[in-house]
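What follows is a single structure, written as structure tokens, with notes after it.
None of the figures in this text is laboratory data; all of them are computed from the coordinates on show. Everything quoted here is computed from the prediction, not taken from an experiment. As a convention, Cβ positions derive from the backbone with ideal geometry for all residues, glycine included, and neighbour counts pool all protein chains shown.
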Amino acid sequence: MRAARLFLPAAVLLTLAILWEVVVWGLEVPKWIVPSPSAIWQAFWEMRALLGVHVAQTMLEVAIGIGIAVTAGVSVAAAINFSPLLQRAIYPLLVISQTVPILALAPLLIIWFGFGIAPKVIVVTLFCFFPIAVNTSDGLTSTEPELIDLFRSMGATWLQIWRKVRLPAALPYFFSGLKIAATYSVTGAIVGEWVGAKQGLGIYMLRSSAAFKTAQVFSAIVITSLLSIMLFLAVFALERGMMPWHFDER
Amino acid sequence: MTLLAVESLSKTFSSGSRRGTRGEVEAVVDLTFRVEEGEFLTIIGPSGCGKSTLLRLLAGLVQPDSGQVILQGQPLPDPSDRQGRFGFMPQRDTLLPWRTVLENVILGVELAGGSRDTAREEARQLLPLFGLDGFENNWPSTLSGGMRQRAALLRTFLAGYDILLLDEPFGALDALTRRMLQQWLLGVRTRFSKTILFITHDVDEALLLGDRMLVFSPRPGRITAELKIDLPHPRDENTILIPEFLALKRNALAHLKL
């Protein structure tokens, strides 16, 4: 049944690719303006060893960035739910922080942190932190008061209430945030690399573009998409594993 | 023997200062009553009359403005004294969706720091009586409304409190399921020596299940009448048709001014 659901979009995608191939070939579009799908595949295959190195670098930045964003996001969410004062102080700032263009911050991060991995990780963290923090915070607020009353009437400690009610109740919200963050994260790493890097898919795109190797740029774009999809699916699998009750209903 | 004594309990809620009007809502006024050990006391009254507030006061979720709660001769002045002393079952369905039936029903023992394995064993033995045999590993969302309430009741029973506070446990169920659960509860009750405070807005239910009935006035809630329900045991679905029952019901309705 799942295979059947994938069939239609896959068929549309394949049709578009064939159409693209035919048009580029028929109109004799130069390869450096728009490469055909087969040329993109060829560019990928020729550069696969080097691409592996760049992908590894980008994914390392993504992994560290998401890790920090999850830790910080959940901590901030817990803190603002713990104290109404912190909530009033921090929540509006969280929203305002989203209006700061991260793209414009990236060059500054290079000035402050150099050309190493740090500024890229920071950009990924900035992209991922907000959806995780806000969703988890909403999840913690959404705990049904009846459940908390029940626990209090049973003499539960606040630690028991957090561990056994509030955190599990917030899990679905946390995963909604994490799914959004996962799809942003690879793009975030590439934005970080554009500004200055030695390795990574972003710098590979820039160099290829500067050399008019358009097919290489396209292959890197496709890889970026695939990596984002893979991350999304990984989060989805984790969600299913951690919240079986959410999926086994029917 | 008197298990619970409630003495002139009053509670007024201040509903904040919305648009300058400081509203104060008197929820319950001067409630005084006693509950004997092993007694099934039903409390009836119109909705919004403070019945639920009474249970929340007893369970230690709300602090009264005046009056006191005395359990087994011991006053329990602070909310923390009362928390963990009553088996409170809130009105709304409160099974944890992320726990299986079995893990839900042992919650009380778990929170009290008791042995989970012993609790699971005890729960497994009681599952058939509560009509949950074979459902121990189900998620609550896969159960019917009646089964969920029975699971919540089993959780309250298993927690090991002497006195249970049940807030309209069958209120959200359809009429037929409700009838079935009333019969079932009559049967279960003979097996356990629990003292029960049972809130309902259904006169038939209050009379069928209870040994004694308190009638609450509309808000603010006061006790306007107390009826002894001396119907013979065992009671069943035909009890609500016998003349003694109808006489009691007429009396109760008169007190409720219906």
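Worth a mention:
- Positive-end residue of B:Gly146, B:Ile70, B:Ser115, charge dipole of the stretch B:1-154 with Cβ unit charges: B:Gly146
- The smallest convex shape that holds all Cα atoms of the stretch A:61-207, its convex hull, gives 105 Å³ per residue.
- Fewest-first ranking of A:Val100, B:Val29, using other Cβ atoms within 10 Å as the exposure measure: A:Val100, B:Val29
- Each stretch of four or more DSSP H residues adds -39500 (n - 2.57); spread over every residue of chain B, this sum gives -9000 deg cm²/dmol at 222 nm.
- Taken over the stretch A:14-70, the alpha-carbon convex hull comes to 118 cubic angstrom per residue.
- Between the stretch B:65-82 and the stretch A:1-68, the alpha-carbon centres lie 71 Å apart.
- Exposure proxy order (Cβ contacts within 10 Å, fewest to most) of A:Thr157, B:Thr200: A:Thr157, B:Thr200
- For the stretch B:94-160, the pair-distance distribution built from all alpha carbon pairs, in bins 10 Å wide starting at 0, is 24, 62, 14, 0 percent.
- P(r) for the stretch A:47-125, from all Cα pairs and a bin width of 10 Å, is 17, 34, 32, 13, 4, 1 %, short bins first.
- The calculated FRET efficiency for the pair A:Ser75 and A:Leu226, based on their C-beta separation and a Förster distance of 30 Å, comes to about 0.45.
- Between A:Val95 and A:Ile68, the contour length at 0.36 nm per residue exceeds the alpha carbon distance by 7.8 nm.
- Estimated translational diffusion coefficient (Stokes-Einstein, Kirkwood radius over Cα pairs, 4 °C, 1.567 mPa s) of chain A: 62 µm² per second.
- Across the stretch A:47-59, computed HN-Hα scalar couplings (Karplus, 6.51 cos²θ - 1.76 cosθ + 1.60, θ = phi - 60°) run 9, 4, 5, 5, 4, x, 4, 5, 4, 4, 4, 4, 5 Hz from first to last residue, x flagging Gly and Pro.
- The ellipsoid that matches the Cα gyration tensor of the stretch A:127-204 has semi-axes, each √(5λ) in whole angstrom, of 40, 10, 7, with the longest given first.
- Taking one quarter of the surface of the C-alpha convex hull of chain B gives a mean projected area of 15.1 nm².
- Other protein chain Cβ atoms within 10 Å, averaged over every residue that makes up B:149-159: 1
- Furthest towards positive pole of dipole, A:Thr143, A:Met243, A:His54, structure part the protein assembly as shown, Cβ charges: A:His54
- With K and R counted +1 and D and E -1, the other residues having a Cβ less than 12 Å from that of B:Leu4 yield a net charge of -2.
- For the stretch B:218-239 and the stretch A:100-149, distance of Cα centres in Å: 59
- Expressed as a whole percent, the proportion of Cα-Cα pairs in the protein assembly as shown lying more than 46 Å apart is 36%.
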